[in-house]
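All remarks here apply to the structure that follows.
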Amino acid sequence: MTPTNWRTSTYTHPNGNCVEVGRLGDRATVRDTKNRTAGYLTIGEAQWATFVREIASGRYDR
């Protein structure tokens, strides 16, 4: 299987420091937009939901 529906955040900056998120079955996939051929991380649905929730809560803000 190959990940589908790759997308970047609407907050992506023009400097290229961003990642893309896609789907692979019931899992999220993440890859670096600067090096798409390097592969991708696969993350379980529950773990991805927790990560997104923590980002939205500001947990990782500096």
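Every read-out reported here was derived from the displayed coordinates using simple, explicitly stated rules and does not represent laboratory data. In this text, all values refer to a predicted model and were calculated from it rather than measured experimentally. Counting neighbours? That spans all protein chains shown, and the Cβs are built from the backbone with ideal geometry, glycine included.
Highest first, please rank the peptides 26-34, 44-52, 3-11 by the mean number of other Cβ atoms sitting within 10 Å of their residues. Before the final figure, lay out the partial values.
Numbers: 26-34: 15.6, 44-52: 12.3, 3-11: 10.7.
Result, highest mean Cβ count within 10 Å first: 26-34, 44-52, 3-11.
Contact order, relative form, for the chain: 22 percent (alpha carbon pairs under 8 Å, 6 or more residues apart, mean separation divided by residue count). Subtracting the Cα-Cα distance of residue 9 and residue 35 from 0.36 nm times their residue separation leaves 7.7 nm of extension gain. In terms of the Cα gyration tensor, with a ≥ b ≥ c the square roots of its eigenvalues, is the range 4-57 rounded because a/c is under 1.5, prolate because a/b exceeds b/c, or oblate? It comes out oblate by the Cα gyration axes. Fewest neighbouring Cβ atoms within 10 Å first, the residues 23, 53, 62 line up as 62, 53, 23.
Taking the Cα centre of the chain as origin and assigning +1 to Lys and Arg Cβ atoms and -1 to Asp and Glu Cβ atoms, the resulting dipole is close to 120 debye.
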